[in-house]
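What follows is a single structure, written as structure tokens, with notes after it.
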Amino acid sequence: MEAKYKKIKQSIKSKILEGLIIPHEKISSESELMEQFSVSRHTVRLALGELVNENWLYREQGAGTFCQDRSKIENNQQFEHPTKNIAIVTSYISEYIFPTIIRGAEAYLSDQGYHVSIFNTNNQYIQEKKILSNILSGNYDGVIIEPTNSASSNPNLNYYLKLEKEQIPYVMINATYEELEPTSFMIDDVEGGYMQTEHLLKLGHTSIACMYKTDDAQGQKRLKGYIKAHRDYKTSINPKNMITYCTENEHIKPFEAIKQLIETKNEKPTAMVCYNDQLVLKLMDVLREGKIKIPRDLSFVGYDDSMLAEISEVKLTSIIHPKSQMGLDAAKAMIAMIEKRGLSFDNVALSKLYKPEIKQRQSTTAINKDLIIS
């Protein structure tokens, strides 16, 4: 069981990191903390004493205990004694394309003499908050991070502002929090969604379903490209063909939706574009059970050109994601920002938007109206 004084410490540190307690602001009295946490005065004093020793708080005789201005302390430490520590934060670590992105960054950073710590958020705000809190409490020179639920308003923006205040540079990959306008490395997902759809339109498909994860900005942008391609080719969209899901229901909704689509008696889709290759392979398993042939009965275009695209039974046509190159470019930008710490630099100039390309394989074919599933 966690010691009671540690709970008090963590509570005060969290409030400081969130900006709820600002530098030189007086914190709650010992009596107030005793009542709040139902502990003895000794326990409160133990917690406050450690926070004072760790430069989170300071005392003034006869006045009370106050929040320390850590920005000056930490900036001086970083400028005089760089830690050579970089944090890399992604949604997942060992799954899908994330290992390749991480390796691209880690190899370069290691060559430059930096130690890399890797964290994952599982695309959850609460986990992102814990990680950012640890980074701010630790000794890190910079952060490469993939935003969490990037299509929604993020409750942790104050942690990023705290990074800026303490002059700890951060770079975002795959997506960005638009409010912050950070240095970022992303593929043009609107164009990627457009290319997925255009490829099928050019093959003669007019009933094209989509399945995108829209709590991430990537999915929303790919959906935008899907719609734009239909408009440009003057092809109407059946509303039933537009399927969206989120992190919370990603293991249920896509599979219920694909079953409904193939059981529809009228206007069945002849092709589908998906959020990523991982989803395509999972849907193929469902379709195989329903005796649906790929691409004869249903053409598929994936996204990311992952290893899965090559090892699947039917090789996937997919949009190419820069993966390792994105990791490398983000790492180079990170080093440049660390070296210029304390100076102004142009986030936009350092950023890069990768132009997507499509890799055609076996999962798409020209429409054959005689073979439309019925």
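Contact order, relative form, for segment 208-296: 38 percent (alpha carbon pairs under 8 Å, 6 or more residues apart, mean separation divided by residue count).
At 0.36 nm per residue, minus the direct Cα-Cα distance, what do ILE252 and ASP69 gain on full extension? Give it in nm, one decimal, please.
61.1 nm
With R₀ fixed at 51 Å, the C-beta to C-beta distance from MET242 to ASN53 puts the FRET efficiency at about 0.35. Per residue, the chain reaches -13000 deg cm²/dmol at 222 nm when only DSSP H runs of four or more residues are counted, each adding -39500 (n - 2.57).
Write down the Kirkwood hydrodynamic radius of segment 81-137, to one decimal in angstroms, obtained as one divided by the mean of 1/r over all alpha carbon pairs.
12.1 Å
Rounded to the nearest 10 degrees, the angle from helix 70-80 to the longest Cα principal axis of the chain is 80 degrees. What the Cα atoms of segment 4-68 give is an Rg and a Dmax of 10.7, 28 Å. Taking Cα atoms only, the orientation of helix 217-232 departs from the longest principal axis of the chain by about 30 degrees. Principal-axis analysis of the Cα atoms of the chain puts helix 98-111 at an angle of about 50° to the longest axis. Short-range pairs are left out: with C-alpha atoms under 8 Å and at least six residues apart, the relative contact order of the chain is 17 percent. Segment 122-155 and segment 348-363 have their alpha-carbon centroids 25 Å apart. A 18 angstrom limit on the alpha carbon distance is what I want to check against. Which of LYS213/LYS315; LYS224/LYS253; LYS129/LYS340; LYS9/LYS130; LYS202/LYS240; LYS228/LYS323 exceed it? Cα-Cα > 18 Å for LYS213/LYS315; LYS224/LYS253; LYS129/LYS340; LYS202/LYS240; LYS228/LYS323; rest within.
Working value for segment 101-204: equivalent-ellipsoid semi-axes of 30, 18, 12 Å, each the square root of 5 times a Cα gyration tensor eigenvalue, largest first. Assuming charge only on the beta carbon of Lys and Arg (+1) and of Asp and Glu (-1), the dipole of the chain about its Cα centre is about 680 debye to the nearest 20.
Based on alpha-carbon atoms, the Kirkwood radius and the radius of gyration of segment 202-272 give Rg/Rh equal to 0.97.
Its convex hull of Cα atoms gives segment 120-165 a direction-averaged projected area, equal to a quarter of the hull surface, of 3.2 nm². When the Cα convex hull of segment 35-180 is projected onto planes of every orientation, the mean area is 11.4 nm². Shape annotation for the chain: C-alpha extents along the principal axes are 89, 44, 34 Å, from largest to smallest.
Restricting to the chain, compute how many DSSP beta bridges are antiparallel as a %, nearest 5. The antiparallel proportion sits near 15 percent.
The smallest convex shape that holds all Cα atoms of segment 233-374, its convex hull, gives 160 Å³ per residue.
For LYS259, the aspartates and glutamates whose Cα falls under 16 Å of its own Cα, not counting residues fewer than eight places away in the same chain, are GLU250, GLU267, ASP285, GLU289, ASP297.
Expressed in nm to one decimal, what extension gain is obtained for the pair ASN266 and ASN122 from 0.36 nm per residue of sequence separation less their Cα-Cα distance?
On the way: separation 144, 0.36 × 144 = 51.84 nm, distance 3.85 nm.
Length gained between ASN266 and ASN122: 48.0 nm.
Residues of segment 145-164 falling in the label zone of GLU95, defined by backbone nitrogen less than 14 Å from a point 7 Å along Cα to beta-carbon, are 149.
Expressed as a fraction of 2.2 N^0.38 Å, the value expected for a compact globular protein of N residues, the C-alpha radius of gyration of segment 155-231 is 1.45.
Read-outs: derived from the displayed coordinates by stated rules, not from any lab. Given the structure is predicted, the values throughout are model-derived calculations rather than measurements. Glycine gets a Cβ as well: all are built from the backbone with ideal geometry, and neighbour counts include every protein chain shown.
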